[in-house]
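Peer 1: What follows is a structure written as structure tokens; I'll ask about it next.
The values are calculated or read from the model by the stated rules, or taken from the named source; none is laboratory data. All values derive from a computational prediction rather than experimental measurement. When we count neighbours, we look across all protein chains shown, and the Cβ atoms used for this are built from the backbone with ideal geometry, even at glycine.
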Amino acid sequence: MASQDIAQLADALSETHLGDGELSYKGLGLKLDNVESVEDLVQEIQRHQHLRALNLEGNTLGVEAARAIAKALESKDQLQRCYWSDLFTGRLRSEIPMALKSLSNGLMMAGACLTVLDLSDNAFGPDGVKGIDQLLRSATCHRLRELRLNNCGMGIGGGKILSEALTECHRRSAAAGNPLALRVFVAGRNRLENEGASALAKAFQLMGSLEELHLPQNGINHSGVTALASAMRHNQDLRVLNLNDNTFAKRGTLAMAQALAHLRNVQVINFGDCLVRCEGAIALAAVLREGLPVLKELNLSFGEITEAAALVLARALADKPLLEKVDLNGNWLGEEGCDNLREAILGRHEGDILASLSDDEGEDEEDEEEDDEEEHDESDDDDEPSEDCLMQNGESPSKAQCPEEVFSFLDCPSTGKLLQLGEMRHLLPEVNILEPHQAVDVLIKVASLYSEEPEAKTAVLETFDLLLRRLATSALQAYAVFSTLLVLVGVLKGERRNKKRSPNQGLFLCLEHVVQQDHFAQDQAFLLHTILSKNRKVLDSHSSLDRLTSALEKKLLN
């Protein structure tokens, strides 16, 4: 070892500290290649009998040096926290798994009980995950609480290996009477994509213990997001959910909204740059109206959200006493929309909680490019006759279990067929929150039959009201149906360009009737009124719109 290297290491060792049992070499830029290069470091490790934390962040570790350190760690049974991020700069990809296996073996030989393992900013790829696979499965990680693997390039394969390791660790730890209860998981910038995210979601659901989940910038779209959302419902202590810079689209956001409706402890939501869009934003607004009581931060920046949807969100945030930051920058608000949003947010909260809107994209132009690729694999069967007949307990039986009259009406609606349904109207399909188009299709079919003939008018209004009353049992269901309806009639920005239908007088008259009923909530009236008023020019030819608008305004005054 060169004399200048020895001097550098000596200086570095003089800067280490042992606070609360922590030995730190953080950010010293040491090049640790072989046994000689870590001789003094190894002695320092051996000297501290009660070593609880070892911080090697910001140095570069070779295979031989790792083996020497691992040997020293074999006697450190009290070690709990390993901060080993940015530890392999300049190393060959093939070196890293071997170094990690050596360090892992040292920890397992010691019988250490880790609570924190940080290997972030090490570009080790799937093979690197193999290097810690046995460690994660072992008793050394039965009490692991924080696992940080940010920016490691794990990829889909690494995500699957990691999921299997965590699942096995949970199985073994549960058998030992102390199930793995990971609280913090960080794995941003890892190219997990849908398969990797879905694999990890299974482990998260099994543990049910997460308090923080950070998976930004992983190329995940709605199928992976949906898997994660399902897992989050089982993590009731979740406080931080960061999925920034993935692609939710409508279906992913609706799935996340469903999950959030079951969580009470969430403080931070970061869905920035996730293409939440208008329908997704409105779904989140529904959840905010009824839940998330301790929310502190909400980031929906760069999500292609228009003014009307942003104002619905703002109203939903009004009763959040702990709210500290709202970020809606980079959306499609327009200059006037930005001013209206500022007034709506700042008029209801103390302090300047609204982030800058300096990157607002302006009002949306109607003729956009075609939908993103991830949206084309969504179901496009919305115009097909529905064959779902939702019965009690939420089950969807086969066509043979539903009266033929229901299917006949849905296939070819007519006033006569509607009248013949009688009490069977309650068998008309309800909403699947991830596919609300089916329920909306039924609403439009019923409304299209409106006429002033007394018997027909009564049947149409009662049936329309019956359907919406069932949907209104959940704010999320109601908001999803209304937003879908508004997209289909062209007054709300949606994802699908070829599904718009010209609104008819009957639809507005049916809505006017429903708005006047006791079960119709004020927040739903605000949703309709806000979006209709911001898009009045689209509907000016409909005289019945004035009647609907008046009914909405009256509801809002009550």
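Peer 1: Within the stretch 70-93, track down each residue that is over 16 Å from residue 42 (Cα atoms), at pLDDT 95 or above and out of contact with any Leu (no Cβ under 8 Å at 6 or more places or on another chain).
Peer 2: Residue satisfying the conditions is 86 alone.
Peer 1: Also: Identify all residues within the stretch 77-97 that are of a type in the set (S, T, N, Q), more than 14 Å from residue 56 (Cβ to Cβ) and in contact with a strand residue (DSSP E or B) (Cβ under 7 Å, 6 or more places away or on another chain); write none if there are none.
Peer 2: 80
Peer 1: What residue, of 135, 147, is at pLDDT 95 or above and either closer than 24 Å to residue 242 by Cα or within 22 Å of the chain's Cα centre (by Cα) (or both)?
Peer 2: So the residue among 135, 147 that is at pLDDT 95 or above and either closer than 24 Å to residue 242 by Cα or within 22 Å of the chain's Cα centre (by Cα) (or both) is 147.
Peer 1: Starting from residues that are in a loop (DSSP other than H, G, I, E, B) and basic (Lys, Arg), keep the ones in the stretch 283-321 and report whichever is surrounded by the most Cβ atoms within 10 Å (Cβ to Cβ). Quick ask: steps written out before the conclusion?
Peer 2: Going through the stretch 283-321, the residues in a loop (DSSP other than H, G, I, E, B) turn out to be 291-296, 300-305, 317-321.
Now drop any that are not basic (Lys, Arg), which leaves 296, 320.
Numbers: 296: 17, 320: 19.
The extreme case among them is 320.
Peer 1: Given the criteria assigned to a helix (DSSP H, G or I) and farther than 30 Å from residue 91 by Cα, does residue 223 qualify? Please lay out each step first, then the result.
Peer 2: Values: assigned to a helix (DSSP H, G or I): yes; farther than 30 Å from residue 91 by Cα: yes.
Spelling it out, residue 223 is indeed assigned to a helix (DSSP H, G or I) and farther than 30 Å from residue 91 by Cα.
Peer 1: In contact with a Leu (Cβ under 7 Å, 6 or more places away or on another chain), buried (at least 21 other Cβ atoms within 10 Å of the Cβ) and closer than 17 Å to residue 268 by Cβ: does that describe residue 341? Spell out the reasoning first.
Peer 2: Values: in contact with a Leu (Cβ under 7 Å, 6 or more places away or on another chain): yes; buried (at least 21 other Cβ atoms within 10 Å of the Cβ): yes; closer than 17 Å to residue 268 by Cβ: no.
Considered against the rule, which asks whether it is in contact with a Leu (Cβ under 7 Å, 6 or more places away or on another chain), buried (at least 21 other Cβ atoms within 10 Å of the Cβ) and closer than 17 Å to residue 268 by Cβ, residue 341 comes out as no.
Peer 1: Suppose we filter 203, 199, 165, 174 for residues that are closer than 18 Å to residue 241 by Cβ and in a helix (DSSP H, G or I); which single one remains?
Peer 2: 203
Peer 1: OK, next. For the stretch 235-260, which residues satisfy the criterion of being touching a Leu at 6+ places or on another chain (Cβ under 8 Å) and over 16 Å from residue 276 (Cβ atoms)?
Peer 2: 235, 236, 237, 238, 240
Peer 1: Let me ask something else about it. Does the stretch 56-68 include one or more residues that are out of contact with any Asp or Glu (no Cβ under 6 Å at 6 or more places or on another chain), farther than 24 Å from residue 143 by Cα and at pLDDT below 95?
Peer 2: no
Peer 1: How about the stretch 439-467: which of its residues are closer than 30 Å to residue 292 by Cα and surrounded by fewer than 23 Cβ atoms within 10 Å (Cβ to Cβ)?
Peer 2: 465, 466, listed by residue number.
Peer 1: Just the residues that are in a helix (DSSP H, G or I) and either surrounded by fewer than 22 Cβ atoms within 10 Å (Cβ to Cβ) or touching a residue at least 60 places away in the same chain (Cβ under 8 Å) (or both), please, taken from the stretch 138-160.
Peer 2: Across the stretch 138-160, the qualifying residues are 139, 155, 156, 157, 160.
Peer 1: Which of the residues spanning the stretch 456-477 are closer than 13 Å to residue 421 by Cβ and of a type in the set (D, E, K, R)?
Peer 2: Listed by number, the list holds a single entry, 462.
Peer 1: Among (1) β-branched (Val, Ile, Thr); (2) within 20 Å of residue 235 (Cβ to Cβ); (3) touching a Phe, Trp or Tyr at 6+ places or on another chain (Cβ under 7 Å), where does residue 294 come up short?
Peer 2: Here residue 294 meets the rest and fails (3).
Peer 1: Check the stretch 177-193 and report whether any residue there is part of a helix (DSSP H, G or I), of a type outside the set (Ser, Thr, Tyr) and under 18 Å from residue 217 (Cβ atoms).
Peer 2: As a first pass, look at the stretch 177-193 and keep what is part of a helix (DSSP H, G or I): 193.
This time we only want the ones that are of a type outside the set (Ser, Thr, Tyr), so: 193.
Then drop every residue that is not under 18 Å from residue 217 (Cβ atoms), which leaves 193.
The answer is yes, given that some residue of the stretch 177-193 is part of a helix (DSSP H, G or I), of a type outside the set (Ser, Thr, Tyr) and under 18 Å from residue 217 (Cβ atoms).
Peer 1: Find all pairs meeting these conditions: Cβ atoms under 6 angstrom apart; at least six residues apart or on different chains; first residue within the stretch 109-131 and among the aliphatic types (A, V, I, L, M); second residue in a helix (DSSP H, G or I).
Peer 2: These pairs meet every condition: 110/73; 112/140; 114/140; 114/141; 129/158; 129/161; 129/162.
Peer 1: Quick one: residue 50 ticks every box in (1) surrounded by fewer than 20 Cβ atoms within 10 Å (Cβ to Cβ); (2) over 39 Å from the mean Cα position of the chain (by Cα); (3) not in a loop (DSSP other than H, G, I, E, B) bar one, so which box is it?
Peer 2: (3)
Peer 1: Let me ask another. Out of all the residues in the stretch 473-498, which are part of a loop (DSSP other than H, G, I, E, B) and at pLDDT 80 or above?
Peer 2: 474, 489, 490, 491, 492, 493, 494
Residues checked against (1) in contact with a helix residue (DSSP H, G or I) (Cβ under 8 Å, 6 or more places away or on another chain); (2) within 28 Å of residue 57 (Cα to Cα):
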| position | (1), (2) |
| --- | --- |
| 149 | yes, yes |
| 154 | yes, yes |
| 158 | yes, yes |
| 166 | yes, yes |
| 171 | no, no |
| 180 | yes, yes |
| 186 | no, yes |
| 197 | yes, yes |
| 202 | yes, no |
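Peer 1: When residue 27 is evaluated against the numbered criteria (1) part of a loop (DSSP other than H, G, I, E, B); (2) modelled with pLDDT of 95 or more, which criterion, by number, is the only one it fails?
Peer 2: So the condition that residue 27 fails would be (2).
Peer 1: Only one of (1) surrounded by 24 or more Cβ atoms within 10 Å (Cβ to Cβ); (2) out of contact with any helix residue (DSSP H, G or I) (no Cβ under 6 Å at 6 or more places or on another chain); (3) of a type outside the set (A, V, I, L, M, F, W, C) fails for residue 280. Which number is that?
Peer 2: Exception for residue 280: condition (2).
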